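Step one of this worksheet: look at the structure below.
The values are calculated or read from the model by the stated rules, or taken from the named source; none is laboratory data. Because the structure is predicted, anything quoted here is derived from the model rather than measured. With ideal geometry, Cβ positions are generated from the backbone for all residues, glycine too; neighbour counts draw on all protein chains shown. In case anyone asks, the SASA skips ligands and DNA or RNA and just uses the protein heavy atoms, side chains included. Shrake-Rupley method; radii C 1.70, N 1.55, O 1.52, S 1.80 Å.
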Amino acid sequence: MTNNIITAGVDEVGRGCLAGPVVSSAVILNEKINLKILKDSKKINFQNRLKIAEYIKHNSHYAIGVASVKEIFDLNILQASLLSMKRAIKKLSKKPQLILIDGPFAPKGLKNYKTIIKGDEKIKCISAASIIAKTYRDLLMIKLSKEFKQYAWERNFGYGTKDHMEGLKKFGITSHHRKSFKPIHKMLLK
């Protein structure tokens, strides 16, 4: 909350990944939440992030929005990210009076919003949204890795690490790979 205005923080994760959906979260924090533990999700290790995400879920209103690999291909990654944000905002059980969005872009059609560069480092409700979105997406990629062991998604979460790239060279492209992304697209052209 900001001066008793119902404020939602919104952030997305997975824009730079080669595989998996892009995921956003919208979070309205309860007044009594411990703000000290909320920071940019990238600055919290995996195990702590899981614990903090559970704490946020029990002490806030939150929602998740997802844009699929197909939507990323059809729309482009920026538009798919904005779509996932819009879905998260719409799913909130409590309606925000102000929406604070990480980054320079906002979904079309929103009212009373502000975009904030590096918002996940500066604004606690955006930090909370980054933690919820990252945890959700990481767990999704870990689940997918059980079926697609060759790509090490349980460790790289779909980012283009050495293990992931080696898996792609040896085993090819899955339906979860983003075919419009340069490394994948180049493989399709061969």
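Before moving on, here are some points about what is shown:
- For the range 22-43, a residue qualifies if it is open to solvent by less than 80 Å² (accessible area, probe 1.4 Å) and either out of contact with any helix residue (DSSP H, G or I) (no Cβ under 8 Å at 6 or more places or on another chain) or of a type in the set (Asp, Glu) (or both), and the qualifying residues are 30, 40.
- Inclusion of residue 115 among residues that are open to solvent by less than 80 Å² (accessible area, probe 1.4 Å) and within 18 Å of residue 67 (Cβ to Cβ) is not warranted.
Results for (1) among the acidic types (Asp, Glu); (2) touching a strand residue (DSSP E or B) at 6+ places or on another chain (Cβ under 9 Å); (3) open to solvent by less than 40 Å² (accessible area, probe 1.4 Å); (4) part of a loop (DSSP other than H, G, I, E, B), shown as yes or no for each residue.
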site	(1), (2), (3), (4)
72	no, yes, yes, no
80	no, yes, yes, no
84	no, yes, yes, no
89	no, yes, yes, no
96	no, yes, yes, yes
101	no, yes, yes, no
105	no, yes, no, yes
111	no, yes, no, yes
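- Any pair with Cβ under 6 angstrom, 6 or more apart, that starts in the range 64-93 at a residue that is more than 13 Å from residue 180 (Cα to Cα) and ends at one that is in a helix (DSSP H, G or I) and open to solvent by 40 Å² or more (accessible area, probe 1.4 Å): 64/136; 65/87; 67/83
- When 130, 60 are checked against the criterion of being within 22 Å of residue 4 (Cβ to Cβ) and among the small types (Gly, Ala, Ser), 60 stands alone in meeting it.
- So residue 137, is it open to solvent by 60 Å² or more (accessible area, probe 1.4 Å) and either in contact with a Gly (Cβ under 9 Å, 6 or more places away or on another chain) or under 29 Å from residue 160 (Cα atoms) (or both): no
- Every pair of residues 6+ apart whose Cβ atoms lie under 7 Å, when the first sits in the range 172-188 and is within 16 Å of residue 16 (Cβ to Cβ) while the second is of a type in the set (Phe, Trp, Tyr) and in a helix (DSSP H, G or I): 178/73; 179/73; 180/73
- Verdict on residue 145 being of a type outside the set (Phe, Trp, Tyr) and free of Cβ contacts under 8 Å to residues at least 60 places away in the same chain: yes
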